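S.K.: Take this structure first; my questions come after.
The values are calculated or read from the model by the stated rules, or taken from the named source; none is laboratory data. Owing to the predicted nature of the structure, the values given are computational and were not obtained by experimental measurement. Cβ atoms come from the backbone with ideal geometry, glycine included; neighbour counts cover every protein chain shown.
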Amino acid sequence: MKIARSPSLSSIAAVVILLSACSKPAGQAGTLPVNSSTGAQPIERTRSWMALEARSEDLLYISDFYGVHVFSYPSGTPVGEIGGFASAQGLCSDRAGNVFVTDTQVRRVWEFAHGGTKPIRSFTDIYVDFNPFDCSVDPTTNNLAVTSQDAEFVVIFPNEKNRPQVVYDPYATMAWCTYDGKGNLYAEQVYYGHRWHIGVLPKGSSGFTNYLLDRRAGHAGSLQFDGQHVAVLDYATNILHQLRFSGSKAIMIGSTPLNGAKSIEQFWIYKKKVIGPDLYGSTYYWNYPAGGSPVKIIQGFTLPAGSTVSVSV
């Protein structure tokens with residue numbers, strides 16, 4: 001029997017749409033910050049556009065099931081949309097500003113140039129049960145790691161090429177992943193009948209080393225490297241916890257409360273801000289690592305799930 005984990009985007013889509021029709025998004029009713037912004041609109045499946053100035057700006061990408069919204073960062077001004085996905089989920093970006101979108105239902109990962117609306121490359125499925133969910137790019141090698149929700153492996157495309165390597169951990173299922181600055185890969189893991197772990201694939205290694213997650217960190221969700229530590233989301237409380245790896249344990253050394261959030265999926269950390277898409281229809285900015293009340297809210301999404309900041313180079 002599997003331990004319950006954060007539900008997938010597609011599995012709760014109908015529920016969230018129903019709830020959003022009869023409840024207020026988090027952050028409203030007097031809690032909307034003065035400097036908040038709006039602008040996200042429902043994406044047509046076939047529509048894509050991008051403002052001319054987008055290529056010269058840092059950009060925030062937010063996946064929203066059928067498409068991806070693009071905003072100038074940090075202002076949150078809408079500058080584009082990329083449509084045509086079957087189920088856009090996890091996002092990541094590399095040092096060149098290229099953005100990767102996991103499209104779970106069609107078993108592909110699409111790559112877009114910074115500010116581009118047409119894919120420059122796609123990474124295809126490898127196994128019948130490979131359903132791309134989350135991704136991360138190694139800053140030291142450009143290796144692209146892709147997880148498949150509740151699968152016992154991570155797929156790695158060396159130097160972002162379509163000749164993948166598969167790294168198994170037969171005792172765990174993995175949904176979320178992140179690289180640190182030294183090329184080590186971290187994956188949230190659920191062991192059948194046991195507790196949450198964080199699996200670490202050291203750079204150059206062929207297998208994961210597993211670290212028991214501190215009980216205080218709760219129910220492990222998405223992960224990101226903040227420049228010093230790996231931060232993991234407790235999806236039951238919407239609190240981020242910074243981790244230190246020692247012996248056989250992933251020890252909690254700090255926390256960042258994401259006040260106002262209801263159901264954060266894949267967060268992103270950039271320039272002392274944490275960006276969190278909330279499945280109930282908003283995307284939030286919080287100061288990092290302080291957290292607390294959001295300093296910006298972008299509203300108008302349908303099912304925001306993934307986030308990444310693509311840096312203009």
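S.K.: Read through the list (1) modelled with pLDDT of 95 or more; (2) surrounded by fewer than 23 Cβ atoms within 10 Å (Cβ to Cβ), then give the number of the only condition that A86 fails.
M.R.: (1)
S.K.: I've got another one for you. If you check A96 against the conditions, is it under 23 Å from G80 (Cα atoms) and either more than 20 Å from the chain's Cα centre (by Cα) or in contact (Cβ under 8 Å) with a residue 60 or more places away in the chain (or both)?
M.R.: Numbers: under 23 Å from G80 (Cα atoms): yes; either more than 20 Å from the chain's Cα centre (by Cα) or in contact (Cβ under 8 Å) with a residue 60 or more places away in the chain (or both): yes.
Against the criterion (under 23 Å from G80 (Cα atoms) and either more than 20 Å from the chain's Cα centre (by Cα) or in contact (Cβ under 8 Å) with a residue 60 or more places away in the chain (or both)), A96 qualifies.
S.K.: State whether the residues of region 202-213 include one that is surrounded by fewer than 18 Cβ atoms within 10 Å (Cβ to Cβ), touching a Ser or Thr at 6+ places or on another chain (Cβ under 8 Å) and touching a residue at least 24 places away in the same chain (Cβ under 8 Å).
M.R.: If we filter region 202-213 for residues that are surrounded by fewer than 18 Cβ atoms within 10 Å (Cβ to Cβ), which is where we start, we get 202-207, 209, 212.
Okay, now just the ones that are also touching a Ser or Thr at 6+ places or on another chain (Cβ under 8 Å), so 202-203, 212.
Then keep just the ones that are touching a residue at least 24 places away in the same chain (Cβ under 8 Å); that gives 203, 212.
Yes, the conditions are met somewhere in region 202-213.
S.K.: For N162, work out the one condition from (1) modelled with pLDDT under 95; (2) touching a Cys at 6+ places or on another chain (Cβ under 8 Å); (3) of a type outside the set (G, A, S) it doesn't fulfil.
M.R.: Exception for N162: condition (2).
S.K.: Pick from region 175-217 the residues that are in a loop (DSSP other than H, G, I, E, B) and among the aromatic types (F, W, Y): which of them is modelled with the lowest pLDDT?
M.R.: Of region 175-217, the ones in a loop (DSSP other than H, G, I, E, B) are 180-184, 192-195, 202-208, 214.
So of that shortlist, the ones also among the aromatic types (F, W, Y) come out as 192, 208.
Values: Y192: 53, F208: 93.
So, considering only residues that are in a loop (DSSP other than H, G, I, E, B) and among the aromatic types (F, W, Y), the one modelled with the lowest pLDDT is Y192.
S.K.: If you don't mind, another one. Quick one: in region 99-133, which of the residues that are assigned to a strand (DSSP E or B) and charged (D, E, K, R) is modelled with the highest pLDDT?
M.R.: Result: E111.
S.K.: Can you tell me how many residues in region 203-216 are in contact with a Lys or Arg (Cβ under 9 Å, 6 or more places away or on another chain) and not basic (K, R)?
M.R.: Taking region 203-216 and keeping what is in contact with a Lys or Arg (Cβ under 9 Å, 6 or more places away or on another chain), we get 203, 211-215.
Pick out the ones that are also not basic (K, R) and you get 211-214.
Of the residues in region 203-216, 4 are in contact with a Lys or Arg (Cβ under 9 Å, 6 or more places away or on another chain) and not basic (K, R).
S.K.: Hey, another quick one. Which of the residues that make up region 144-195 are within 25 Å of S87 (Cα to Cα), surrounded by fewer than 21 Cβ atoms within 10 Å (Cβ to Cβ) and touching a helix residue (DSSP H, G or I) at 6+ places or on another chain (Cβ under 9 Å)?
M.R.: P164, Q165 - these are the residues of region 144-195 that are within 25 Å of S87 (Cα to Cα), surrounded by fewer than 21 Cβ atoms within 10 Å (Cβ to Cβ) and touching a helix residue (DSSP H, G or I) at 6+ places or on another chain (Cβ under 9 Å).
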